[in-house]
Amino acid sequence: ANGKNGIKAGATTDTEGEASLTIQNVTLNITADVNDGINAEATLDILSGNITVSAADDGIHCDYTMNIGKTGTDGPAINIKKSYEGLEAATLNIRSGNIDITSEDDGLNAANSDLTNYDFALNISSGTVNINAEKGDGIDSNGTLTISGGTVNVFSASSGDNQPLDCDGTLSITGGTVL
């Protein structure tokens, strides 16, 4: 993708309904030199497959809800080799999978600057997540951050207000391993 996103889901409209994108059982190698590797407006489900992304902006972005994996499955293998932010959605749920992220800013981010009065949430219940956030937070939620399972390894910047785990709401770790 030399001009925009590698993959872009259509927009939600009154006639077409809510836009969504589901990715499963596929191998994707995406280079997006200008924008996001994958971009979806309303809902993005990445259930399985092998996905490798190098992007100038977000590796994978969804305006509202992004679901990675499915409870009780191996889930997808996602390798974000280069990005400004790795995975970003207003609500980000990681239910399974093996995820490796290299990002300039936040590795995982529950945010959307276009939304007000939204209950941002980042939830990790299973899977393995490895993050190297070069200049930002490892995991950043503009709302709640809940880790109830899985393995999370985070390396973040050691300058300014950047942290391995950062949230504006409640931080809850009830299971899993967090390093």
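Spin-label model, residue 171 to residue 14: label points 7 Å out along the Cα-to-beta-carbon direction sit 4.5 nm apart. Size descriptor for the stretch 125-179, Kirkwood hydrodynamic radius: 11.3 Å (Cα pairs only, one decimal). If you average the C-alpha positions of the stretch 110-179 and of the stretch 79-100 separately, how far apart do those two centres end up, in angstrom? Here the two parts' Cα centres lie 11 Å apart.
What the pair-distance distribution of the chain shows, using all Cα-Cα distances binned every 10 Å from zero, is 11, 41, 38, 9, 1 percent. When the alpha carbon gyration tensor of the stretch 75-179 is reduced to an equivalent ellipsoid, the three semi-axes, largest first, read 18, 17, 13 Å.
Spin-label model, residue 114 to residue 25: label points 7 Å out along the Cα-to-beta-carbon direction sit 3.2 nm apart. Counting Lys and Arg as +1 and Asp and Glu as -1 over every other residue whose Cβ lies under 11 Å from the Cβ of residue 126, the net charge comes to +1. Under 5 Å from the amide H of residue 141 lie the amide H atoms of 110, 166, 167, 168, each residue being 5 or more positions distant or on a separate chain, with H modelled from the backbone and absent for Pro and chain starts.
Counting protein heavy atoms only, the chain has 42 percent of its accessible area on carbon and sulfur, 1.4 angstrom probe. Accessible area per residue for the stretch 1-147 is 43 Å², calculated with a 1.4 Å probe on protein heavy atoms, without ligands, DNA or RNA. Here the Karplus relation 6.51 cos²θ - 1.76 cosθ + 1.60, evaluated at θ = phi - 60°, turns the backbone of the stretch 73-83 into coupling constants of 10, 6, x, x, 9, 10, 10, 8, 7, 7, 6 Hz, with x for every Gly and Pro.
The values are calculated or read from the model by the stated rules, or taken from the named source; none is laboratory data. None of these values were measured; they are calculated from a predicted model. Glycine gets a Cβ as well: all are built from the backbone with ideal geometry, and neighbour counts include every protein chain shown. SASA here: full protein model, heavy atoms, side chains in, ligands and nucleic acids out. Shrake-Rupley method; radii C 1.70, N 1.55, O 1.52, S 1.80 Å.
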